Amino acid sequence: MKGNMMCQPLLISSLIEHAERYHADTAVISKNSDGTMTQSNWREVAANARRFANVLDHFQLTQGDRVATLAWNNHRHLESWYAISGSGYVCHTINPRLFPEQLTFIMNNAHDKVVIFDKTFVGLISEIKSALPRVEHFICLDAYDAEIEKALPDVLFYDLLIEKQSDQFIWPEFDENLASSLCYTSGTTGHPKGVLYSHRSTVLHSYASCLPDTFNLSAKDNLMPVVPMFHVNAWGIPYSAAMVGCGLVLPGPMLDGASLVELIDRYKVTNALGVPTIWQGLLNAAANLGSTLPSLIRNVVGGAACPPAMVLTFKERYQCETIHAWGMTETSPLGAVNQLKAKHTVLDDTDKLSLRLAQGRPPFGVQLRICDQEKGINELARDGLTAGHLQIKGHWIVSHYFAADQSALTQDGWFDTGDIATLDQDGYLKICDRSKDLIKSGGEWISSVELENIASSHPELEMVAVIAAIHPRWDERPILIAKKQAQSQVTAHEILTYYVNKIAKWQIPDQVVFVDTIPVGGTGKILKKELREMYGSILLES
Ligand code: ADP
């Protein structure tokens, strides 16, 4: 016997309808490509989404067709997302910082029919346009600009297009399992692969990410997603923000620390999300500018391991609670979030901190396990000590990659994350390393993350990365790549001495390489693959 309850498909359009109906005047503030600010709200975002849906309607696309976006976090980009997915097309967000060859590979692989882009990327689009034969329309996410028209003769302008359209549009109703958006992995460890999300997975993921034990979002928040909308859909924030009806501050193209401090203080941001390199820049800028970040109650850090020193600085200097989260493109991305339980309130500050530094536990909707092999043959103990291949399953986890024939799962239906981790009895996850970043020294594993955590707590180092260098005797040995703080005179010997008594002697890096810059990818993550290419043979040379 079936239950007697209503059954409505979980569609992305219902999120924007909700935000408009119940949170119409809540502010959506956005920084444009030219640095000017736009003050909007959910009413206008929803109305413009319907206007742009009318524009797309004229393009005679078919349900499921891909519409690509190359854009920063701004209000027009947000509107276009709701228009694309709400109409039944697939919103393909692209990382504009990829190499042109990677971009054209991804766009041709996805069969993008329309490309919408920020003014910042006019040069990039001009460069790759001829390599995109399938694209029928190019839309600049801005007002009319004669210079841009000269550079790209057939270009359309978003503001001109929507100006002429009615704000009436009935969102179509369809199967919640249809595709809503497409995102390629950032390719930190390999070739980018497409992950095709569905309306259902996106809405369920939004419910989960608002919970008090995850990002803890509500209509009282003013949220700033610093994580780009092309990086796993800004961790789903454009959807969960509409679900709870909170304010949004979209930072546009300027993600340096000083610009972010200015936005947080000016618009009283309560909660912000980003990768560790972003927060490092913010902490440096806040100290230089003398800001105490008074409005910032929480920040979420994910995408890479959060250095312990960062959590402490946010807490002690800014009274800001740092929430550590783990996820990946294939997991929408929420896989685990670190919030403590009632039983942890009795712990002293040191124990609480050590628990908070792990990646947290899974929300309802996903399950985690660790296995002795990537294929998932034997599940290992959840004792907080045994490390193994981390696997995940749940409502918003990939089952196979875009345009791939084969399943991405183990035989018994789990997705192998490529991470090596421990789990404890409560499900608290601790990522030891990515399997590709682990250093295999004489048959023993050394975690690059652990070595980075120690180095990043050194007051004279601004940014650090540990990689495996090939070693004639031990196969691989760790080396530390470090960028010093301005004016620092610290020596390699002093840094290596700093490791003594903090870690087993044989795990201390063999060498320190001081550099002026450490390469980071489009999502702000350190590109270890690139570092390995540059310095991976350094121990063979000495
Ligand atoms: P890419 O795989 O190209 O870097 P993703 O953004 O999907 O793109 O990265 C997912 C990976 O990032 C995870 O598999 C994990 O190795 C790493 N990661 C994400 N969050 C954390 C975290 N909090 N701590 C450590 N590693 C993390």
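To keep it simple, each residue is scored yes or no on (1) small (Gly, Ala, Ser); (2) in contact with a strand residue (DSSP E or B) (Cβ under 6 Å, 6 or more places away or on another chain); (3) more than 16 Å from the ligand (Cβ to nearest atom).
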{"site": "217", "(1), (2), (3)": "no, no, yes"}
{"site": "245", "(1), (2), (3)": "yes, no, yes"}
{"site": "249", "(1), (2), (3)": "no, yes, yes"}
{"site": "259", "(1), (2), (3)": "yes, no, yes"}
{"site": "284", "(1), (2), (3)": "no, no, yes"}
{"site": "292", "(1), (2), (3)": "no, no, yes"}
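The single condition among (1) at pLDDT 95 or above; (2) in contact with a Gly (Cβ under 8 Å, 6 or more places away or on another chain); (3) assigned to a loop (DSSP other than H, G, I, E, B) that residue 62 does not meet is (2).
Based on what the data block shows, is residue 76 within 23 Å of residue 122 (Cα to Cα) and basic (Lys, Arg)? In short, yes. Selection over the range 333-348 of residues that are more than 16 Å from the ligand (Cβ to nearest atom) and either β-branched (Val, Ile, Thr) or buried (at least 23 other Cβ atoms within 10 Å of the Cβ) (or both) gives a count of 2. Out of 334, 347, 312, one residue alone is more than 17 Å from residue 269 (Cα to Cα), free of Cβ contacts under 8 Å to residues at least 24 places away in the same chain and not assigned by TED's automatic domain parsing to the domain that holds residue 465. It is 347.
Hey, any hits in the range 510-521 for a residue that's in a helix (DSSP H, G or I) and surrounded by 13 or more Cβ atoms within 10 Å (Cβ to Cβ)? No, that holds for no residue. Listed by position, the strands (runs of 3 or more DSSP E) contained in the range 416-509 that have at least 2 residues being of a type outside the set (D, E, K, R) and away from the ligand (no atom under 16 Å from the Cβ) are 461-471, 475-484.
Of everything in the range 19-37 that is over 25 Å from the mean Cα position of the chain (by Cα) and part of a helix (DSSP H, G or I), the residue that is nearest to residue 142 (Cα to Cα) is 20. Evaluating residue 497 against the criteria (1) out of contact with any Gly (no Cβ under 8 Å at 6 or more places or on another chain); (2) in contact (Cβ under 8 Å) with a residue 24 or more places away in the chain leaves one unmet condition, (2). Scanning the range 509-533 for residues that are in contact (Cβ under 8 Å) with a residue 40 or more places away in the chain and in contact with a Leu (Cβ under 8 Å, 6 or more places away or on another chain) yields 509, 510, 511, 518, 520, 521, 522, 524. Just one of (1) in contact (Cβ under 8 Å) with a residue 40 or more places away in the chain; (2) closer than 30 Å to residue 395 by Cα; (3) away from the ligand (no atom under 15 Å from the Cβ) fails for residue 353. It is (2).
The residue that is surrounded by the fewest Cβ atoms within 10 Å (Cβ to Cβ), counting only those in the range 219-243 that are more than 16 Å from the ligand (Cβ to nearest atom) and in a helix (DSSP H, G or I), is 243. Taking each residue of the range 159-186 that is aliphatic (A, V, I, L, M) and looking for partners that are part of a loop (DSSP other than H, G, I, E, B) and crowded, with 17+ Cβ neighbours inside 10 Å with beta-carbon atoms closer than 8 Å, six or more apart or interchain, yields 178/88; 182/110; 182/402. Would you check if there is a residue in the range 169-180 being assigned to a helix (DSSP H, G or I) and not basic (Lys, Arg)? Within the range 169-180, none of the residues are assigned to a helix (DSSP H, G or I) and not basic (Lys, Arg). Residues in the range 387-399 that are at pLDDT below 95 and either away from the ligand (no atom under 14 Å from the Cβ) or under 19 Å from the mean Cα position of the chain (by Cα) (or both): 388 only.
Within the range 196-210, one or more residues are within 16 Å of the ligand (Cβ to nearest atom), assigned to a strand (DSSP E or B), in contact with a Cys (Cβ under 9 Å, 6 or more places away or on another chain) and in the same structural domain as residue 66 (by TED's automatic domain parsing).
Condition check for residue 310 on (1) farther than 28 Å from residue 394 by Cβ; (2) away from the ligand (no atom under 13 Å from the Cβ); (3) not small (Gly, Ala, Ser): one failure, at (2). For residue 133, the test of being at pLDDT 95 or above and assigned to a loop (DSSP other than H, G, I, E, B) is passed.
Residues in the range 322-332 include at least one that is among the acidic types (Asp, Glu), within 24 Å of the chain's Cα centre (by Cα) and within 14 Å of the ligand (Cβ to nearest atom). Considering the range 406-436, and only residues there that are among the small types (Gly, Ala, Ser) and within 22 Å of residue 385 (Cα to Cα), the residue that is farthest from the chain's Cα centre (by Cα) turns out to be 427.
The values are calculated or read from the model by the stated rules, or taken from the named source; none is laboratory data. These numbers come from a predicted model, not from an experiment. Neighbour counts run over all protein chains shown; Cβ positions are idealised from the backbone, glycine included.
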